[in-house]
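Take a look at the structure set out below.
Readers should treat all values here as calculations from the given coordinates under stated rules, not as data from a laboratory. Being a predicted model, the structure only gives us computed values, none of them experimental. A quick note on method: Cβ atoms are made from the backbone with ideal geometry, for glycine too, and the neighbour counts reach across all protein chains shown.
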Amino acid sequence: THTSSSSSSAEEPAIIDAPLMRLELIAGPYRGLSLSFGSGGATFGRAATTTVPLPKDRTVSPLHASVSYAHGAWYLSDVGSLGGTFLLVPDEGACVDIGDVLRFGSTE
């Protein structure tokens, strides 16, 4: 629980700590790269302004996909790609879980 030392009666919102997400890139031009990030999630794409820029993968859109933490789970979203964003598990569309394979462009 977050407490405030101010005399204000309004409570500050609680800070939600997400478990660290770790990605191991297994295919494409970034194969072998490891990435980690916390509750702020990440954006992926060719643009330098993304959290995880992937300029070597020409099949990735400038702003391609994002992962975010909400309601106790990590979620994958396509945020304007031309080629699609895929969660390669039988129950596609579910939250991202340990061992799942994400694909954007030729990067997995």
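Out of every Cα pair in the range 21-90, what percent are spaced more than 13 Å from each other? Don't skip to the end; give the middle numbers.
On the way: 1612 of 2415 pairs.
Counting every Cα pair in the range 21-90, those more than 13 Å apart make up 67 percent.
The H on the amide N of residue 26, modeled in the peptide plane, is under 5 Å from the matching H of 32, 108, each at least 5 residues off or on a different chain. Residue-wise HN-Hα couplings along the range 68-78, as the Karplus relation 6.51 cos²θ - 1.76 cosθ + 1.60 with θ = phi - 60° gives them from phi, are 9, 10, 8, 6, x, 8, 8, 10, 9, 9, 7 Hz; Gly and Pro carry x.
Computed from phi, the 3J(HN,Hα) profile of the range 99-107 under the Karplus parametrisation 6.51, -1.76, 1.60 (θ = phi - 60°) reads x, 5, 10, 9, 9, 9, x, 9, 8 Hz, with x in place of Gly and Pro.
I need the calculated FRET efficiency for the pair residue 56 and residue 95, taking r as the beta carbon distance and R₀ as 22 Å, to the nearest 0.05.
The computed FRET efficiency comes out at 0.20.
Here the spin labels are modelled as points 7 Å beyond Cα on the Cα-Cβ line, and at residue 88 and residue 71 they lie 2.7 nm apart. Annotation: extensible slack from residue 49 through residue 31 equals 4.4 nm (criterion: 0.36 nm per residue apart, minus Cα-Cα distance).
With a simple spin-label model that places each label point 7 Å from the Cα along the Cα-to-Cβ direction, the separation between residue 79 and residue 24 comes to 2.6 nm. Between amide H atoms placed 1.01 Å from N, distances below 5 Å from residue 79 occur with 65, 66, all of them 5 or more places distant or on a separate chain.
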